[in-house]
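Data first, discussion second: the structure below is written as structure tokens.
The values are calculated or read from the model by the stated rules, or taken from the named source; none is laboratory data. Please read these numbers as outputs of a predicted model, since none were measured by experiment. All Cβ positions, glycine included, derive from the backbone under ideal geometry; neighbour counts span all protein chains shown. Remember, those area values only see protein heavy atoms, side chains included, never the ligands or the DNA or RNA. Shrake-Rupley method; radii C 1.70, N 1.55, O 1.52, S 1.80 Å.
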Amino acid sequence: MGLPRLLVLALLAWGRVAAGGAETIGNSSQGFLEFSVGKFRYFQLNGSFPEEAILRHISSNVTFLIFQIHTQYQNTTVSYSRTLLPSTSGTGNDKGLVSILRPEQSMCTWYLESAGGNPVQSVAIPLSYSERDPIPGGCNLEFDLDIDPNIYLEYNFFATTIKFAPANLGYARDAPPPPCDVGTGQESRWRLQYDVYQYFLPENDLAEDVLLQHLQRMAQVSQVKANAMKVVTLTANDKTSVSFSALPGQGVIYNVIVWDPLLNASAAYVPVHTYACRFEALEDSCASLGRVSTKVFFTLFALLGLFICFFGHRFWKTELFFIGFIFLGFFFYILITRLTLIKYDVRLILTAAAGSVGGVLLVALWWRFGTLGLCLLCTGLVLGFLSSAAAFFTPLGNLKVFRDDGVFWVTFSCVTVFIPVVFLGCLRILNILTCGVVGSYLVVLAVDSYKYTSLSYITLNVLRRALNTDFRRAFTNVPFQTNDFIILAVWGMLAVSGITLQIRRERGRPLFPPHPYKLWKQERERRVTNILDPSYHIPPLRERLYGRLTQIKELFQKEQPAGERTPLLL
């Protein structure tokens, strides 16, 4: 091996150690991997046989160890022994084991294996704790391991749910473990508290090395507190389960820190991550989440929204169609989704058809009856809906009081109705604001069908709440990163430009167009009574239709030749 190649390898190894404190040099060539306490180690697991992981020179003040291994989406197995048993091993993307140390024990061994038989890029770390620190999962009664420090994660379209086993108080090496359910006083494990943390990966980044690097920030107590966001604190009386809004395509890492308030000691569970999608799926995988039907629907809708944003008030009937489409389409989608099991693409087509019917009905209602108040009420409610959804998109939506569906929907409806009430004295401003804000927001939804953005969850969270009753328990936190700031700036720029342009253009004009049906009647009466009007001499509709039919018949008649055809009689 030449000197340049040795220098390159040395620089790569030094870079990884400097970035995350990870060790890259081990004894895998000798049949085992050697670890150090608190140091991450990158390695590749081969599926042919288990790898032996060894930790030497354990300090005497260490009472227990948590060994954890992480991969992006392929499963690995970590076990106490070469023989894999449910009670002595764990399999998954993020798994760990607690090793209670015996007196005078200074070395610990675990066995690692690729569950699928394929090579897997992994990162692992052993963490040490003293007798004062609580033991994560020390009072496990639900899962297979006797002491289970793992967090179990499930997700669907609506929510991501994490579950974990209760912890136990720490104890010395040669002492018996404290009982879990003897009492509920301050001398038992019931005094422990659980802080649930959430950490977002960079948006639109599905790279494996990015995940493994960011997992290093969520393994140790100090790192978790410094980098992640605390979502909720649970007591021993609370259920050890927390739900979050699912974010397909967005990487999220969760961890739980158990805290002993009496001894002021803490310990971290094994962090778990999810993208709320499957990498190996043939359809709707993490790399291709947007359906073609969704892209077509929202792209066409966004083009209509851009037109409404800049010209909606001038083209009043087009705007009414737009508002009626949103009104009936939204409620129709909720109805068919809750009552039927129709596929998504069919639901989207039916929603577009129902929305078109709603738009035509609202235009027909205005044309025939001229009910300006009802049309503007619909317009104001759409703006109020978006305003209310934006209010609950903030941390306000995560307040405990809004977990109750009754409180949430009453408050949401009051905010929605409040917007048109505020603008009762300036109806044209209400209409132009709706055109600018709602029309430009459709551009945000169209962008989300191609590239992830958190701003789409302003309305999507409300839709999920309407479709799924369990969604009320979910925390609706989303990342707000560079892409979101750019899209928010574009949304604001489009809205302000559209509103300003329409206000300046409509200055000095009538507030709203006149009643179309009245104009049509007046025009008809004028034509009947005004003899000088050329339209007065237009034949009735029945005669005009008969004349057109006669012209069409003549097109299909055979042309008669000109000239005399009978012989001359001499």
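What the table below lists for this structure:
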| quantity | calculated |
| --- | --- |
| Any pair with Cβ under 7 angstrom, 6 or more apart, that starts in segment 398-425 at a residue that is modelled with pLDDT of 95 or more and ends at one that is surrounded by fewer than 12 Cβ atoms within 10 Å (Cβ to Cβ) | VAL407/VAL401 |
| Long-range neighbours under 9 Å by Cβ, at least six apart or interchain, first residue among the hydrophobic types (A, V, I, L, M, F, W, C) within segment 510-530, second modelled with pLDDT under 75 and open to solvent by less than 100 Å² (accessible area, probe 1.4 Å) | VAL528/TYR536 |
| Wholly enclosed strands (runs of 3 or more DSSP E) of segment 229-302 bearing at least 3 residues among the aliphatic types (A, V, I, L, M) | 229-235, 252-260, 265-268 |
| Qualifying residue in segment 135-143 (condition: among the charged types (D, E, K, R), open to solvent by 20 Å² or more (accessible area, probe 1.4 Å) and more than 27 Å from the chain's Cα centre (by Cα)) | yes |
| Search result, residues across segment 175-207 that are touching a strand residue (DSSP E or B) at 6+ places or on another chain (Cβ under 6 Å) and among the acidic types (Asp, Glu) | ASP195 |
| Residue within segment 174-186 that is aliphatic (A, V, I, L, M), at pLDDT below 90 and touching a Ser or Thr at 6+ places or on another chain (Cβ under 7 Å) present | yes |
| Options ASP260, ASP195, ASP238; residue that is surrounded by fewer than 21 Cβ atoms within 10 Å (Cβ to Cβ), farther than 16 Å from PHE164 by Cα and of a type in the set (D, E, K, R) | ASP260 |
| Members of segment 72-100 found to be in a loop (DSSP other than H, G, I, E, B) and either at pLDDT 95 or above or small (Gly, Ala, Ser) (or both), listed by number | SER81, SER87 |
| Scan of segment 39-71 for residues that are farther than 30 Å from ARG132 by Cβ, assigned to a loop (DSSP other than H, G, I, E, B) and open to solvent by 10 Å² or more (accessible area, probe 1.4 Å), ordered by number | ASN46, GLY47, SER48, PHE49, PRO50 |
| Number of the exception - SER222 against (1) touching a helix residue (DSSP H, G or I) at 6+ places or on another chain (Cβ under 9 Å); (2) open to solvent by 40 Å² or more (accessible area, probe 1.4 Å) | (1) |
